[in-house]
Amino acid sequence: DELKSYDINILSKIKKDLYSTKNKSLLNFECIKIVDSKELHKIIDSIDANSVVAFDTETTSLDVKSSDIVGFSFAYSLDFGYYVPINHFYLGVEEQISSSDAKKALEKLLKHHIVGHNLKFDIAVVKRTFNLDIVDYSDTMILAWLENPSGIFNLDYQTKKNFDYITTKFGDIVNKGDTFASVQIDIATKYGVQDSVCSLALYYHFMHTLNKNLIDIARNVEFPFIKVLMDMENNGIGIDLDFFYELKLELESKIKDISNKIYNIAGNEFNINSTRQLGNV
């Protein structure tokens with residue numbers, strides 16, 4: 001019932017494959033680049049309205065306030081995914097999708113239920129670059145955290161752990177000092193698509209394995225809180241200056257009293273914050 005509005009065919013595949021195959025990768029997908037705008041719109045228009053769509057952006061840096069988008073990937077099947085190059089820059093680079101066409105495509109794509117890993121970054125990139133918002137979404141990094149709060153949550157680890165699939169790492173394709181814009185489009189396609197397909201696989205995995213209470217917490221608390229964190233990062237937070245000034249004076253007084261007690265016990269004054277002096281005492 002929780003998943004009745006999503007792609008039942010994909011869910012059935014996940015249920016069947018994840019728990020019947022041992023000692024081999026469960027992910028085997030085709031990576032498709034799209035460099036023609038008509039093809040891009042045709043593909044997006046063909047996606048069923050109820051399909052869950054995994055989405056990931058590739059940028060020039062991890063600083064969302066200054067990074068430029070290089071391309072984006074999406075997948076609504078575990079069998080294939082697409083990469084859309086926008087701003088790759090190197091000698092002999094082929095034709096790419098224009099920013100205006102990319103925005104028109106995303107306006108339609110982002111109407112679906114969007115899945116991503118650390119989606120806060122992608123939401124911010126899309127907002128800053130295209131002034132578009134992702135409204136209906138799930139974050140598989142948060143789902144991984146809910147499953148095991150003391151675990152490791154990055155996409156590489158979660159994909160290896162759950163599907164025995166080893167992902168290509170950023171450092172494997174981007175030379176030191178370069179950005180993702182310098183990566184050849186064919187290589188970027190494989191890298192980008194893997195992130196989307198792996199995120200989609202993780203989403204269905206967690207929807208199948210997490211109990212209903214944790215899923216409810218994710219949907220009602222943790223996913224909406226992403227937008228709250230973004231607002232805090234962009235606008236800062238309000239604090240009561242008078243309260244914290246009084247608290248500062250109170251703590252300074254307590255520290256002074258405790259320090260005097262330490263001096264009395266030690267028999268002399270010394271720098272309590274000095275490891276060497278404290279060690280001698």
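The values are calculated or read from the model by the stated rules, or taken from the named source; none is laboratory data. What you see is a predicted model, and the numbers here were worked out from it, not measured in a lab. All Cβ positions, even for glycine, are placed from backbone atoms using ideal geometry, and neighbour counts span all protein chains on display. These accessible areas exclude ligands, DNA and RNA; they are computed on the full protein's heavy atoms, side chains included. Shrake-Rupley method; radii C 1.70, N 1.55, O 1.52, S 1.80 Å.
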Identify, by number, the condition in (1) modelled with pLDDT under 95; (2) within 20 Å of residue 139 (Cα to Cα); (3) touching a strand residue (DSSP E or B) at 6+ places or on another chain (Cβ under 9 Å) that residue 67 doesn't meet. (2)
Please find, among 190, 160, 176, 227, the residue that is under 28 Å from residue 26 (Cα atoms), among the basic types (Lys, Arg) and out of contact with any strand residue (DSSP E or B) (no Cβ under 6 Å at 6 or more places or on another chain). 160
Single residue of the range 167-202 satisfying the filter (touching a residue at least 60 places away in the same chain (Cβ under 8 Å) and open to solvent by 70 Å² or more (accessible area, probe 1.4 Å)) that is farthest from residue 115 (Cα to Cα): 184
Which of (1) modelled with pLDDT of 95 or more; (2) in contact with a strand residue (DSSP E or B) (Cβ under 8 Å, 6 or more places away or on another chain); (3) of a type outside the set (A, V, I, L, M) is the odd one out, the single condition residue 77 does not satisfy? (2)
Residue 235: passes all of (1) under 25 Å from residue 83 (Cα atoms); (2) open to solvent by 90 Å² or more (accessible area, probe 1.4 Å); (3) of a type in the set (S, T, N, Q) but (1)
If the requirement is being farther than 26 Å from residue 82 by Cβ and not acidic (Asp, Glu), which of these qualifies: 167, 209? 209
All but one of (1) in contact with a Pro (Cβ under 6 Å, 6 or more places away or on another chain); (2) modelled with pLDDT under 95 hold for residue 151, so report the exception by its number. (1)
Could you list, in sequence order, all residues of the range 163-185 that are over 26 Å from residue 143 (Cβ atoms) and assigned to a loop (DSSP other than H, G, I, E, B)? 174, 175, 176, 177, 178, 179, 183, 184
Please state which of the following conditions residue 220 fails to meet, knowing it meets all the rest: (1) at pLDDT 95 or above; (2) open to solvent by less than 70 Å² (accessible area, probe 1.4 Å); (3) polar (S, T, N, Q). (2)
